[in-house]
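Reading through the structure tokens given below for one structure.
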Amino acid sequence: MLQITKAQLEIFRVVAERGFIERQLVQLRANFQTKFMGVPDEDLRALAQRCRNQAGRYQIVFEDDIRHFIECTITYGLTDDPKDGPTWITEILCHADLNGTQKMDVIDVLELQRIRQQP
């Protein structure tokens with residue numbers, strides 16, 4: 001029987017985390033070219049890590065959901081205090097009856113509605 005030690009699990013965790021952060025770096029560079037032009041990669045990695053940690057507070061744990069959360073953080077100026085963000089996002093993020101994916105799905109739907117309502 002194959003046994004994985006705690007040390008091996010920790011190595012897997014670190015490698016997975018690095019991969020996640022690198023994928024987010026690529027996404028940030030692609031989706032926010034103008035905003036992050038000239039920003040060092042290390043600063044964007046730190047932003048991605050900070051947002052990942054913040055997402056976890058709202059039970060947002062899957063990579064696609066965290067990516068969307070990072071984009072919302074940048075687009076809507078979310079901070080560590082959810083009260084600083086737009087009320088409609090704060091209400092969704094703090095909704096206890098929704099899991100992380102459901103929260104991001106609701107935000108996605110409302111974002112689309114807001115875009116369609118713009119002249």
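The values are calculated or read from the model by the stated rules, or taken from the named source; none is laboratory data. None of the values given here were measured: they were computed from a predicted structure. Note that each Cβ is placed from the backbone with ideal geometry, even for glycine, and that neighbours are counted across all protein chains shown. Side chains are part of the model used for accessible areas, which takes the heavy atoms of the whole protein and leaves out ligands, DNA and RNA. Shrake-Rupley method; radii C 1.70, N 1.55, O 1.52, S 1.80 Å.
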Selection from the stretch 17-64 of residues that are outside any loop (DSSP other than H, G, I, E, B), closer than 17 Å to THR79 by Cα and open to solvent by 70 Å² or more (accessible area, probe 1.4 Å): ASP43, ARG50, ARG52, ASN53, ARG57
Pairing a residue in the stretch 95-119 that is closer than 13 Å to ASP64 by Cβ with any residue that is among the charged types (D, E, K, R), where Cβ atoms lie under 9 Å and the two sit 6 or more apart in sequence or on different chains, gives GLY100/ASP65; THR101/ASP64; THR101/ASP65; LYS103/ASP65; MET104/ASP64; MET104/ASP65; ASP105/ASP65
